[in-house]
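Presented below is the structure to which this report refers.
Coordinate-derived values only; no laboratory data. Predicted model, so just to flag it, every value in this text is computed and none were measured. Quick reminder, even Gly has a Cβ in these numbers, built from the backbone with ideal geometry, and neighbours come from all protein chains shown.
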Ligand code: PMP
């Protein structure tokens with residue numbers, strides 16, 4: 001198995017780079033992952049061999065591009081267990097997908113007295129659109145509390161989700177603590193009260209097997225670039241009857257059925273949500289990423305990342321002066337570990353690690369309410385992907401120890 005993982009590492013050209021004269025240790029995967037050669041090749045092949053606009057031409061290249069684009073819609077549907085490819089809308093990414101639901105669905109259905117349930121652990125992308133919808137409709141945001149370890153308190157969710165709740169919006173894997181949210185259970189509660197559930201899958205897709213039918217998610221959003229594909233492409237899944245209720249929030253070419261001087265009619269979903277020329281090479285790269293992940297196996301990837309994450313948790317927790325946030329060791333979580341080093345600002349820590357070739361994230365991670373809940377303004381965050389290995393973890397731990405030494409004595413060069 002180790003051989004497979006090390007082979008897979010060789011598929012990612014950027015991982016062979018040096019940064020600050022050190023071999024790169026890339027641990028910022030929750031921000032964006034690196035890309036395997038097959039993904040890069042999918043875009044290159046398109047531009048070298050069949051670049052044309054989709055749907056619009058009877059000529060061969062256009063037909064070939066359209067067929068390839070639509071094939072990815074089917075692959076994406078299978079990848080997340082959708083009933084049909086008609087439930088897959090290509091978007092720019094998770095943020096775009098969530099805004100589509102907020103302004104195309106919730107805005108038209110919510111009113112004063114209605115409630116939108118979120119958690120304090122949401123990424124701003126799954127919070128700010130709901131704040132805006134609440135302001136515009138008179139609905140209220142209700143925060144489902146977290147337990148002491150940062151996991152969603154399901155018992156309190158059961159109490160707070162009631163007949164006033166019209167929408168529940170939660171990440172499946174949170175982006176600071178990596179907590180795995182029991183979406184299936186929350187969906188059941190939401191549905192008992194006639195509410196819909198929209199799931200932010202940005203940190204889940206590509207890390208855990210996702211089955212939207214098993215979760216009974218009404219909407220599910222994810223980004224290609226966090227699961228090996230290019231930036232600027234993502235998916236909004238919606239149950240077909242909900243997509244039929246969704247109002248497009250972009251209008252223009254290709255999404256119309258017919259246009260008169262004063263009126264227009266629109267295509268059926270999903271095409272009515274894909275106005276204008278789409279990110280064709282991005283979609284093709286998403287197809288290549290899905291195929292890459294499936295060739296290894298979603299369960300295998302989840303298992304491998306879980307092992308490494310627990311190992312990293314153990315190692316960081318064992319370092320004096322390091323505070324690790326989130327559920328205790330042994331609790332399954334996404335491959336994300338946030339921590340702080342006593343007396344060192346996370347930005348300084350990240351800079352010290354960068355000098356050693358190690359890329360992590362520092363800051364509020366677009367989750368300011370969660371940081372307030374943790375009682376700090378910033379954390380350092382290491383996040384893993386399938387190509388990380390034990391040496392990466394050892395490099396990070398050594399890097400943190402070096403930084404600790406450096407900041408304690410203010411002497412010497414970090415290397
Ligand atoms: N939700 C979560 C949980 C995320 O981690 C991110 C990306 N940091 C987003 C939403 C937004 O994704 P994107 O920037 O690709 O739209």
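General observations
- Residues within the stretch 68-77 that are away from the ligand (no atom under 16 Å from the Cβ) and either free of Cβ contacts under 8 Å to residues at least 24 places away in the same chain or touching a strand residue (DSSP E or B) at 6+ places or on another chain (Cβ under 6 Å) (or both), tallied: 4
- The residues on offer are 320, 338, and the sole one that is touching a helix residue (DSSP H, G or I) at 6+ places or on another chain (Cβ under 9 Å) and surrounded by fewer than 20 Cβ atoms within 10 Å (Cβ to Cβ) is 320.
- Taken over the stretch 195-209, the criterion of being touching a strand residue (DSSP E or B) at 6+ places or on another chain (Cβ under 8 Å), surrounded by fewer than 24 Cβ atoms within 10 Å (Cβ to Cβ) and in a loop (DSSP other than H, G, I, E, B) is satisfied by 195 alone.
- Condition check for residue 384: crowded, with 19+ Cβ neighbours inside 10 Å and more than 16 Å from the ligand (Cβ to nearest atom): no
- Subset of the stretch 119-139 that is free of Cβ contacts under 8 Å to residues at least 60 places away in the same chain and surrounded by 22 or more Cβ atoms within 10 Å (Cβ to Cβ) - its residue that is nearest to the ligand (Cβ to nearest atom): 129
- Applying the set (1) surrounded by 15 or more Cβ atoms within 10 Å (Cβ to Cβ); (2) outside any loop (DSSP other than H, G, I, E, B); (3) in contact with a strand residue (DSSP E or B) (Cβ under 8 Å, 6 or more places away or on another chain) to residue 62 leaves exactly one unmet item: (3).
- Among residues of the stretch 154-176, those that are touching a residue at least 60 places away in the same chain (Cβ under 8 Å), in contact with a strand residue (DSSP E or B) (Cβ under 6 Å, 6 or more places away or on another chain) and more than 15 Å from residue 143 (Cβ to Cβ), counted: 2
- Unique residue being in a loop (DSSP other than H, G, I, E, B) and more than 16 Å from the ligand (Cβ to nearest atom) when the list is 232, 252: 252
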